[in-house]
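Nothing in this text is a laboratory measurement; each read-out follows from the coordinates by a stated rule. The structure displayed is predicted, hence computed values, not measured ones. Positions of Cβ are backbone-derived with ideal geometry, glycine not excepted, and every protein chain shown enters the neighbour counts.
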Amino acid sequence: MSDSLLYQVEKNVGYLTINRPDRRNAITQDMIASFQEYLERIRGDEEIKAVCITAAGDRIFCSGADLGVTLSGQGDERLKGARNYASLLKEMTEFEKPLVAKVNGPCLAGGLGLMLSCDIVMARDDAYFCTPEVNVGIFPMMVGALLLRHVGLKRTMDMVLTARKVSAREGEAAGLITKAVPPEDLDKEVEKILQGLTQKSPISLKIGKKAFRDTWDMSFGEAVDHLCQALGEVIATEDAAEGMRAFLEKRKPEFKGC
């Protein structure tokens, strides 16, 4: 594993920390490989109920790809790094356990892809978000797939064409992030969310996340029918039966993930 990505488990939560503060926490190919290996490890560990993705230091969350490494090579070889990054975004978006991003500083370029691939994004209210690729003659292609789905066409084009800085408060209002909080409250707020997630039924979260994701490109009618079918899957689980018993008996449910 690369030292550029740290991993630890605490209280049923897996923590992945981008660890290149001296290089503005820029993404490397080694880091992408480590992300994929750790996510695979977390996927197979039933004790881990949720994942937190954050970064070392408090100056920046992620400045995007390390262009000197990621876009090196000639011809089609130059896209190898980009394809690896695209693969990671797809894996994160399809990950069955909840992903929570703790954004402890500005998030730029490819860092937005990591952030937006998470289910919940909590950010310092003094952070900002930016897609500066156009300033160096590039364009935020893969990140755009997520931006379009989260904030819509007009806001996406505003960000990618102007490369302006979007404040955390504006990002919250636009749906770019879940919530902006004062820096001194960020750790506490994120831990509250993470510990809450560890108390939920793993199987219901897994089925629900996939069902919602499947409806992205469906018509309204198709989506409603698909989600109705998914509800049938959820209520057929042992956890659903336990949850309903616990509700009626006025006690805390004991979920087993099946």
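Key figures for this structure:
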item: Listed residues ASN12, ASN104, ASN25, most fluctuating in the chain (Gaussian network, C-alpha, under 10 Å); result: ASN12
item: Order of PHE129, PHE95 - criterion: other Cβ atoms within 10 Å of each residue's Cβ, fewest first; result: PHE95, PHE129
item: Projected-area average for the chain over all orientations - Cα convex hull basis, square nanometres; result: 15.1
item: Extension reserve of the LYS188-PHE212 stretch, reckoned as 0.36 nm per residue once the Cα distance is removed; result: 5.8 nm
item: Segment 5-198: relative contact order in percent, alpha carbon pairs under 8 Å with at least 6 residues between; result: 20
item: Under-5 Å amide H pairs with GLY105, H placed in peptide plane, nonlocal only; result: PHE61, ARG124
item: Phi to ³J(HN,Hα) by Karplus 6.51 cos²θ - 1.76 cosθ + 1.60 over segment 121-128, Hz, x for Gly, Pro; result: 10, 10, 9, 4, 6, 9, 7, 9
item: Fewest-first sequence of ARG24, ARG213 by Cβ atoms within 10 Å of each Cβ; result: ARG213, ARG24
item: Formal net charge of residues neighbouring SER204 (Cβ-Cβ distance under 13 Å; K, R +1; D, E -1); result: +2
item: LYS200, LYS210 arranged by Cβ crowding within 10 Å, fewest neighbours leading; result: LYS210, LYS200
item: Cross-link table LYS154/LYS179; LYS206/LYS256; LYS102/LYS179, entries beyond 19 Å C-alpha to C-alpha; result: LYS154/LYS179
item: Amide H contacts under 5 Å for CYS52, placed H, 5+ residues apart; result: GLY14, TYR15, LEU16, VAL100
item: Candidates GLU170, GLU77, GLU133: whichever shows maximal mean-square fluctuation once the chain is modelled as a Gaussian network with Cα springs under 10 Å; result: GLU77
item: Amide H contacts of ALA26 (H built 1.01 Å from N, under 5 Å, at least 5 apart or other chain); result: SER63
item: Karplus 3J(HN,Hα) series, Hz, for segment 188-198 with 6.51 cos²θ - 1.76 cosθ + 1.60 (x for Gly, Pro); result: 5, 5, 5, 5, 4, 5, 4, 5, x, 5, 5
item: The chain: calculated mean residue ellipticity at 222 nm from DSSP helix runs of at least 4, using -39500 (n - 2.57); result: -14000 deg cm²/dmol
item: Per-residue HN-Hα couplings for segment 4-10 [Karplus 6.51, -1.76, 1.60; θ = phi - 60°; Hz; x = Gly/Pro]; result: 6, 9, 8, 9, 8, 10, 8
item: Rough spin-label spacing in nm, given labels placed 7 Å along Cα→Cβ, for PHE139 and LEU153; result: 1.5
